[in-house]
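Below is one structure; the comments refer to it alone.
The values are calculated or read from the model by the stated rules, or taken from the named source; none is laboratory data. Not measured: the values here are computed from a predicted model. Note: ideal-geometry Cβ built from the backbone for every residue, glycine included; neighbour counts use all protein chains shown.
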Protein chains: 2
Amino acid sequence: MQHVESFAKGVWVPSGAGAREICDAATGQVIALAGNDNLDPGGMIGYAREVGGPALRALDFHDRARMLKALAVHLNATKQALYDLSFSTGATQADHGFDVDGGIGTLFVYASKGRRDLPEGHVLVDGGFEALGRTGAFAGQHVYTPRLGVAFHVNAFNFPVWGMLEKIAPALLAGVPSIVKPATATAHVTELCVRLILEAGVLPEGALQLVAGGVGDAFAHLGAQDAVTFTGSAATAAVVRGALDGAVRFTAEQDSLNATILGPDAGVGSPEFDLLVKEVAREMTVKAGQKCTAIRRVLVPQPLLQPVIEAVSARLSRVVVGDPRDAAVTMGPVVSLAQRRDVLDQAERIGAEAEIAFRGTLGALAERGAFVAPTLFHCADPDGAEAVHAVEAFGPVATVMGYRDLPHACALANRGQGSLVASLFTHDGAVAREVVAGIGAWHGRVYINDRDAASEATGHGAPMPHLTHGGPGRAGGGEELGGVRAVQHYMQRVAVQGSPSMLGAVTGRWVPGADRTAGATHPFRLRFADLVPGMSLRTAERVISVEDIEHFAAFTGDTFYAHMDADAARRNPFFPGRVAHGYLILSFAAGLFVEPAEGPVLANTGLDNLRFLKPVSPGDSIAVDLTVMDRTSRNAEYGEVRWHAAVSNQDGAAVAEYELLTMVAK
Amino acid sequence: MQHVESFAKGVWVPSGAGAREICDAATGQVIALAGNDNLDPGGMIGYAREVGGPALRALDFHDRARMLKALAVHLNATKQALYDLSFSTGATQADHGFDVDGGIGTLFVYASKGRRDLPEGHVLVDGGFEALGRTGAFAGQHVYTPRLGVAFHVNAFNFPVWGMLEKIAPALLAGVPSIVKPATATAHVTELCVRLILEAGVLPEGALQLVAGGVGDAFAHLGAQDAVTFTGSAATAAVVRGALDGAVRFTAEQDSLNATILGPDAGVGSPEFDLLVKEVAREMTVKAGQKCTAIRRVLVPQPLLQPVIEAVSARLSRVVVGDPRDAAVTMGPVVSLAQRRDVLDQAERIGAEAEIAFRGTLGALAERGAFVAPTLFHCADPDGAEAVHAVEAFGPVATVMGYRDLPHACALANRGQGSLVASLFTHDGAVAREVVAGIGAWHGRVYINDRDAASEATGHGAPMPHLTHGGPGRAGGGEELGGVRAVQHYMQRVAVQGSPSMLGAVTGRWVPGADRTAGATHPFRLRFADLVPGMSLRTAERVISVEDIEHFAAFTGDTFYAHMDADAARRNPFFPGRVAHGYLILSFAAGLFVEPAEGPVLANTGLDNLRFLKPVSPGDSIAVDLTVMDRTSRNAEYGEVRWHAAVSNQDGAAVAEYELLTMVAK
């Protein structure tokens, strides 16, 4: 008998009064106890705010990303222990790939995105610089700063590892401490994962706590700087929402009647037909259908109804149900006897509107453990039916329905009143466009698979860390994951107004109009650490002659008429006559600002946001103001420096502006 | 006596049973009746969904932006009527600038942003293309599609024109029909504005409806595709929130104890000291202090307490309170006698913790109309006080408090438990950085003013359409405005997964990896309308010799060591030896793809996202794949075409990628 502990205020607290039982899914035997009525959730929340928050916020985004990487590496090295324990939840080895490996993969992606998509600082810039006046003396810039509270994560039983990791990764990256509250049925697996995380030794104190068992009065202690993320049933979501102050940021993933649509182009024998059949059978049986993203409704063109039912049934008939520890087994039990009862009850409600097209056999398994036979329904009247669009049987259960045309398919998909994901199997771009326009507002994700994508397609039911996970309406209206989008969920967007210099001081990034400092040394002679935003170089001038233009044209082969033919150029609405090539201006500008001798600048790696603002005519001269905008470390040897280049003419008018990327040695 | 009408299902409905009285603020006389218990809010909502929504969604973003421009132009031409009527609400001519001109200005900004920041299509792309596999066969792209419901806007009495226009502009731009419900006290002004809007004749049927008076059972008809935006008191916000299904997207702007902070650097005689004094007096008296963004708390360094009180009092003593129609008057009454009672009650609660530092005199005005004297409190114990941080006296009332140091100032500002805006008067970047880090999580906007910004600074209390308006906690937790951010509020973000070709079909934009079509004609010879995303050109190859590199270096002056010095280049971590200049590659690439003869391509206007991926050594050759990504009309003569340029070497390896912008004739 395992005693699942909570991790509160830095210490492990054993289960105690009020603990609940955890059973092995395959045998029904009690294997663990979790929960303790004497836990102090209010104290845990205070500890997170006062100890964990300040420690996390003292780190910058890149520090926190490196921390996630270390966690991912450690979990990856120790994941066998999680596999071993997870069998007791009914998960097969293949299912572990979703929960354990999927969770670790999510950590790796957030570690990588944290370095690539977030700055090496404490403030995340959102969108562009907004000039608010004619001269640019006053402007606006949106930034995100970490919220000063705690992220309280309430998880469902079906993903004890992934469910926690996908929630804490963006919160930790944002600088917000987490308290995790797993569903009791699989809390023993989450507890082990928390132990492994702490073992890695990289999290600051107070950054992560665990509530095993009930939450007590935790919700009463949360306020405007806190966030609650919830995954579970709509009914429980409503209870949680009701217990929270309205100012708490709340996001929910709840019930979802996810649909898949077979395109009208995907006839029998087409790759898309076969892909749909495979996906439906897979979605019904992975995790014994206990995925909030699993396909519940299969929408196929009326004439393909029978072929689809036959093909899916054939696949389902090969499913081997049994003890998940047995390698020959392809589908384990659902998590508990209570959950089996619930699945069978819901399936019965669906069965009142639909006939059974296929049902697997359980044999002796029916008498022990939480086994459920895969069941495919066919609903002949999807327009008149209600339950097939509204009742989620959270197990290996789906319903096939025929549709007349694409608008009908979209209308049926939308009858789910909001779902996490809908998939579409088509090789026709026009079908894809029409379906996304028709169902996009009701679905958090639309997954399109076809012969071109199949080799790398990630699966209807697999939320990817790069993409948002959540859906409107019945699905809870929340969003998780989606790269930086989830990090922003734990931060507060604030619109900052001020002079460019003040905005630069706030963001740590030089912006046009802010103060510049010109030093005695050419900035190309300075090393990475010595290049400070605002450091600037003003070059000499160079006159551009008609001979330069002709020479450049002959050399490069770019004899575009605006450079070569005065009459044609004058007929053009943009030019007064022959003008210099844009690339000539860039090349001469580089010639003006480059410091040629070997030095810390290693390479020009790119260029962003180039705009040509005014033509350069023969006889005009140009000069460049080159200014350090910001810098980001890449490794021990060098980092990236972003420069602002402003090319102006002899009248001081702006000719071109762009941002230049270089690698600079440390 | 005016009978304020509702505009429902395409017809004007007069006030009737259950109508409420509207009084002139300066005289207290009843001037209008608004409301009708027989209005059919459920029918109006259905009409918006079934008539207005499809009509708006048939237009693209640019069509809708042009519609907003036409509304703005018409309102600007007819605004005198709005001025004339608005005096009855207590607003002075200067106040009309905020409400009427501010509202029209917001329409103009959204019209302009709609053309500049939104695509000429129906789907808004969100963020980058996310490759989800090794080869790029499968990827993700977030897009926004219009929600299929209605936007129901509940407005406060203080901005009958701006309050409506700032809400309907982003909703209409998103393609979502609006129903506007103004506060009854000033509904007659909103009604006139709706009449002027309809008179412009550009809105599709069902795009805009008006509820004058009570909302009846409207909220019970709203669901997951609908949005409610609310501006008003926290108490009313809670009532509205409680009446809504949890799936309705709800955003609120409610109470706010906005603070201003005088920086420790801003001593007596500094420009920042004077700017703060002016701003405090202005914020207290504009709209008689009835702005949700007005300064309620003035935080100043302890030693500057007395000088600030004296300077603000001196300014307040020059305020002329009276009938807003009188040009000499600088502050009118609050909106109603009820509102006056409320302001005086709240001021009394503040007065229990703070002493009166200044109070204006009303004389005979005190006996008629809803006049309130400007009142400045001083709170000597801001740490111990509660009401000064929690009670919003919605009139010409503010409280000055001293702070010890910046962390203390931040802590006091955050005692407001969330506000719409905090301002800071400082000329020290380090102060700005510390304050934004300290208070950013509790404030929707931070406004920094100093001597550099003052000439164009837009004012503490003025929400700008470019920047988000809203704040966490007590301020309601909502966000409005902020350019495209508010448009997204009325759309659903959906993560679309598929092959690059399918994603391109959904967005209407070619992405790398999607199918290309090569035509017989050079694409530079095609006009704007004939350039379809995916059209592509593959150029000839060109060998790059060491002579080319030396020639380019000598010609441009760019003799950077990586191009000129084989030994130094080899010591560099990026290069195998001497390599071609990036600008040489770009220039030769243009030489390869440009069609020189006069034709529809008018100019190269810019370049985005250039990355150099692999060095080019002497003897390597390059070729370019140039592909149309997308296009956006600019005017009747030409539009912008975005091209993808992929430069590869003799082995087919990618050397450089970028996006090229050109103007192309129609």
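When the stretch A:448-463 is filtered for residues that are facing chain B (nearest Cβ under 7 Å) and surrounded by fewer than 24 Cβ atoms within 10 Å (Cβ to Cβ), the ones remaining, listed by number, are A:ASP452, A:SER455, A:GLU456, A:ALA457, A:THR458.
Within the stretch A:392-405, identify whether any single residue is in contact with a Lys or Arg (Cβ under 6 Å, 6 or more places away or on another chain), surrounded by 24 or more Cβ atoms within 10 Å (Cβ to Cβ), away from every other protein chain (no Cβ under 11 Å) and at pLDDT 95 or above, and answer yes or no. Full working, then the answer.
Of all residues in the stretch A:392-405, those in contact with a Lys or Arg (Cβ under 6 Å, 6 or more places away or on another chain) come to A:398-399.
In the following step, the residues that additionally are surrounded by 24 or more Cβ atoms within 10 Å (Cβ to Cβ) were identified as A:398-399.
Imposing the further condition that a residue be away from every other protein chain (no Cβ under 11 Å) reduces the set to A:398-399.
Keeping just the survivors that are at pLDDT 95 or above gives A:398-399.
Checked the stretch A:392-405: at least one residue is in contact with a Lys or Arg (Cβ under 6 Å, 6 or more places away or on another chain), surrounded by 24 or more Cβ atoms within 10 Å (Cβ to Cβ), away from every other protein chain (no Cβ under 11 Å) and at pLDDT 95 or above.
Each residue in the stretch A:469-489 was checked for being of a type in the set (Val, Ile, Thr) and surrounded by fewer than 24 Cβ atoms within 10 Å (Cβ to Cβ), and 1 pass.
In this structure, is A:GLY121 within 13 Å of another protein chain (Cβ to nearest Cβ), under 27 Å from A:GLU205 (Cα atoms) and surrounded by fewer than 24 Cβ atoms within 10 Å (Cβ to Cβ)?
yes
Among the residues here, B:ALA174 qualifies as hydrophobic (A, V, I, L, M, F, W, C), within 14 Å of chain A (Cβ to nearest Cβ) and either touching a strand residue (DSSP E or B) at 6+ places or on another chain (Cβ under 7 Å) or surrounded by fewer than 22 Cβ atoms within 10 Å (Cβ to Cβ) (or both). Where strands (runs of 3 or more DSSP E) fall entirely within the stretch A:616-666, those with at least 3 residues that are of a type in the set (D, E, K, R) are at A:621-633. Restricted to the stretch A:493-507, and to residues that are surrounded by fewer than 24 Cβ atoms within 10 Å (Cβ to Cβ) and at the interface with another protein chain (Cβ under 8 Å from one of its Cβ atoms), which residue is nearest to A:THR229 (Cα to Cα)? Going through the qualifying residues, I end up with A:ARG493. Here A:PRO615 fulfils each of the conditions (1) within 14 Å of chain B (Cβ to nearest Cβ); (2) surrounded by 17 or more Cβ atoms within 10 Å (Cβ to Cβ); (3) under 30 Å from A:SER112 (Cα atoms) apart from (3). Of all residues in the stretch A:473-492, those satisfying the criterion of being at the interface with chain B (Cβ under 8 Å from one of its Cβ atoms), small (Gly, Ala, Ser) and in contact (Cβ under 8 Å) with a residue 40 or more places away in the chain are A:GLY473, A:GLY477, A:GLY483. Remark: B:ALA453 falls outside the filter, which requires a residue to be among the hydrophobic types (A, V, I, L, M, F, W, C) and touching a residue at least 12 places away in the same chain (Cβ under 8 Å). A:ARG445 satisfies every condition listed in (1) closer than 25 Å to A:ASP381 by Cβ; (2) at the interface with chain B (Cβ under 7 Å from one of its Cβ atoms) except (1).
Taking into account only those residues within the stretch B:214-226 that are surrounded by fewer than 22 Cβ atoms within 10 Å (Cβ to Cβ) and small (Gly, Ala, Ser), which is nearest to the other protein chains (Cβ to nearest Cβ)? Among those that are surrounded by fewer than 22 Cβ atoms within 10 Å (Cβ to Cβ) and small (Gly, Ala, Ser), it is B:GLY223.
Mind checking which residues of the stretch A:523-557 are surrounded by fewer than 16 Cβ atoms within 10 Å (Cβ to Cβ) and either within 11 Å of chain B (Cβ to nearest Cβ) or farther than 29 Å from B:HIS427 by Cα (or both)? A:ARG525, A:ARG527, A:ALA540, A:GLU541, A:VAL543, A:SER545, A:VAL546, A:GLU547, A:GLU550, A:HIS551, A:ALA554 - these are the residues of the stretch A:523-557 that are surrounded by fewer than 16 Cβ atoms within 10 Å (Cβ to Cβ) and either within 11 Å of chain B (Cβ to nearest Cβ) or farther than 29 Å from B:HIS427 by Cα (or both).
Within the stretch A:216-274, which residues are assigned to a loop (DSSP other than H, G, I, E, B), over 27 Å from A:ALA422 (Cα atoms), free of Cβ contacts under 8 Å to residues at least 60 places away in the same chain and not β-branched (Val, Ile, Thr)?
Narrowing the stretch A:216-274 to residues assigned to a loop (DSSP other than H, G, I, E, B): A:216-217, A:222-226, A:232-233, A:244-248, A:254-258, A:263-270.
Checking the rest, the ones that are also over 27 Å from A:ALA422 (Cα atoms) come to A:216-217, A:222-226, A:244-248.
Subset that is free of Cβ contacts under 8 Å to residues at least 60 places away in the same chain: A:244-248.
Result: A:LEU244, A:ASP245, A:GLY246, A:ALA247.
Of all the helices (runs of 4 or more DSSP H) wholly in the stretch B:522-594, which have at least 3 residues that are at negative phi and under 44 Å from the mean Cα position of the chain (by Cα)? Ranges flagged: B:582-593. Residues in the stretch B:566-596 that are facing chain A (nearest Cβ under 7 Å) and without any contact (Cβ under 8 Å) to a residue 40 or more places away in the chain: B:ALA568, B:ASN572, B:PRO573, B:TYR583, B:SER587, B:ALA590, B:PRO596.
Is it the case that A:VAL300 is crowded, with 19+ Cβ neighbours inside 10 Å, touching a Phe, Trp or Tyr at 6+ places or on another chain (Cβ under 9 Å), of a type in the set (A, V, I, L, M) and free of Cβ contacts under 8 Å to residues at least 60 places away in the same chain? In short, no.
May I ask you to verify whether B:GLN492 is within 26 Å of B:ALA237 (Cα to Cα) and either of a type in the set (D, E, K, R) or touching a Ser or Thr at 6+ places or on another chain (Cβ under 8 Å) (or both)? It is true that B:GLN492 is within 26 Å of B:ALA237 (Cα to Cα) and either of a type in the set (D, E, K, R) or touching a Ser or Thr at 6+ places or on another chain (Cβ under 8 Å) (or both). Screening A:ARG282, A:ARG315 for residues that are touching a residue at least 24 places away in the same chain (Cβ under 8 Å), charged (D, E, K, R), assigned to a helix (DSSP H, G or I) and more than 28 Å from A:GLY163 (Cα to Cα) leaves exactly one candidate, A:ARG315.
Has the stretch A:625-634 got any residue that is farther than 20 Å from A:GLY534 by Cβ and touching a Pro at 6+ places or on another chain (Cβ under 8 Å)?
The initial filter retains those residues of the stretch A:625-634 that are farther than 20 Å from A:GLY534 by Cβ, namely A:634.
This time we only want the ones that are touching a Pro at 6+ places or on another chain (Cβ under 8 Å), so: none.
No, the stretch A:625-634 contains no residue that is farther than 20 Å from A:GLY534 by Cβ and touching a Pro at 6+ places or on another chain (Cβ under 8 Å).
Any chance the stretch B:187-201 includes a residue that's at pLDDT 95 or above, within 14 Å of chain A (Cβ to nearest Cβ), over 18 Å from B:LEU420 (Cα atoms) and touching a strand residue (DSSP E or B) at 6+ places or on another chain (Cβ under 9 Å)? So that I can check it myself, show each step before the final result.
Start the filter on the stretch B:187-201 by keeping residues that are at pLDDT 95 or above, which leaves B:187-201.
Subset that is within 14 Å of chain A (Cβ to nearest Cβ): none.
The answer is no; no qualifying residue exists.
When only residues in the stretch A:124-154 that are part of a loop (DSSP other than H, G, I, E, B) and either more than 9 Å from every other protein chain (Cβ to nearest Cβ) or among the small types (Gly, Ala, Ser) (or both) count, which is surrounded by the fewest Cβ atoms within 10 Å (Cβ to Cβ)?
Pass one, the stretch A:124-154, residues part of a loop (DSSP other than H, G, I, E, B): A:132-138, A:147-150.
So of that shortlist, the ones also either more than 9 Å from every other protein chain (Cβ to nearest Cβ) or among the small types (Gly, Ala, Ser) (or both) come out as A:133, A:136-137, A:149-150.
Working: A:GLY133: 13, A:GLY136: 16, A:ALA137: 18, A:GLY149: 22, A:VAL150: 30.
Going through the qualifying residues, I end up with A:GLY133.
Among the residues making up the stretch A:1-17, those that are out of contact with any helix residue (DSSP H, G or I) (no Cβ under 9 Å at 6 or more places or on another chain), modelled with pLDDT of 90 or more and of a type outside the set (Val, Ile, Thr) are A:HIS3, A:PRO14, A:SER15, A:GLY16, A:ALA17.
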